[in-house]
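The values are calculated or read from the model by the stated rules, or taken from the named source; none is laboratory data. From a predicted model like this one, the values you see are computed outputs, not experimental measurements. Note: ideal-geometry Cβ built from the backbone for every residue, glycine included; neighbour counts use all protein chains shown. For the accessible areas, the whole protein counts, side chains as well, though only heavy atoms, and no ligand, DNA or RNA atoms are used. Shrake-Rupley method; radii C 1.70, N 1.55, O 1.52, S 1.80 Å.
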Amino acid sequence: LRNTKVKMLPKSIGKLQNLETLDLKQSLVSKLPIEINRLHKLRHLLAYYHDYGLDFSLASQKGVKIQKGVGCLEELQKLYFVDLNHGGVDLVKDMGKLRQLRKLGVKNLSKETMRALCASIATMNHLQSLDIASISEDEIIDLQSISTPPQCLQRLYIKGHLEKFLDWIPKLQHLVKL
């Protein structure tokens, strides 16, 4: 459904039991129905809208809102972009069950969801790409509490306010893009 004007997915999407890729890039879908959580073979969930008129603004990309229960999608390898302003800490904790993730992108990260996200990231041993954007220009992104950074991490994108350079970044032996 990439580059379409589709605004919402029907609940019947949950019947597509063999679906492995759901590509919603540049579509108008902003919220996924809870039935997505029935797609246990889903490996790639790609959903965002980029407004090319807003170059480097935090608002230039919009993620998709997902429902709690996404942790049951254990085969998921790519998940981007998720709007964390919807679902809160419970949703972020649930994302910690996605241990096969290679690529994760989150939008609207707040102070409340920050610590839960750090704990979830620490469980994602295969993570190669991490893209994080704060909820506002003023919100401080504090990822220092990631106890064990993903050792396979190759790409790290941080959009927001950092108070200091992350102590664990120099330990990432495979990092090629920061």
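Listing for the model above:
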quantity: Single residue of the stretch 84-117 satisfying the filter (in contact with a Gly (Cβ under 6 Å, 6 or more places away or on another chain) and without any contact (Cβ under 8 Å) to a residue 40 or more places away in the chain) that is farthest from SER136 (Cα to Cα); calculated: LYS97
quantity: Sole exception among (1) open to solvent by 20 Å² or more (accessible area, probe 1.4 Å); (2) of a type in the set (Lys, Arg); (3) over 16 Å from ASN37 (Cβ atoms) for LYS93, by number; calculated: (3)
quantity: Test: LYS78 is surrounded by fewer than 16 Cβ atoms within 10 Å (Cβ to Cβ) and either under 22 Å from GLN100 (Cβ atoms) or not β-branched (Val, Ile, Thr) (or both); calculated: no
quantity: Complete set of residues in the stretch 2-29 that are in a helix (DSSP H, G or I) and either charged (D, E, K, R) or within 17 Å of the chain's Cα centre (by Cα) (or both); calculated: LYS11, LYS15
quantity: Residues (within 13 Å of LEU45 (Cα to Cα) and open to solvent by less than 90 Å² (accessible area, probe 1.4 Å)) located in the stretch 14-25; calculated: LEU19, THR21, LEU22, ASP23, LEU24, LYS25
quantity: Qualifying residue in the stretch 88-106 (condition: closer than 24 Å to CYS118 by Cα, in a strand (DSSP E or B) and small (Gly, Ala, Ser)); calculated: yes
quantity: Pairs where the first residue, in the stretch 17-30, is farther than 16 Å from VAL6 by Cβ and the second is open to solvent by 20 Å² or more (accessible area, probe 1.4 Å), C-beta under 9 Å, 6+ apart; calculated: GLN17/ARG38; GLN17/HIS40; GLN17/LYS41; ASN18/LYS41; GLU20/LYS41; GLU20/ARG43; GLU20/HIS44; GLU20/GLU75
quantity: Residue in the stretch 109-126 that is more than 19 Å from LYS31 (Cβ to Cβ), part of a loop (DSSP other than H, G, I, E, B), touching a Ser or Thr at 6+ places or on another chain (Cβ under 8 Å) and modelled with pLDDT of 95 or more present; calculated: no
quantity: Number of positions in the stretch 127-147 that are modelled with pLDDT of 90 or more and either within 20 Å of HIS174 (Cα to Cα) or in a loop (DSSP other than H, G, I, E, B) (or both); calculated: 6
quantity: Set LYS78, LYS65, LYS41, LYS15: member being modelled with pLDDT of 95 or more and touching a strand residue (DSSP E or B) at 6+ places or on another chain (Cβ under 6 Å); calculated: LYS78
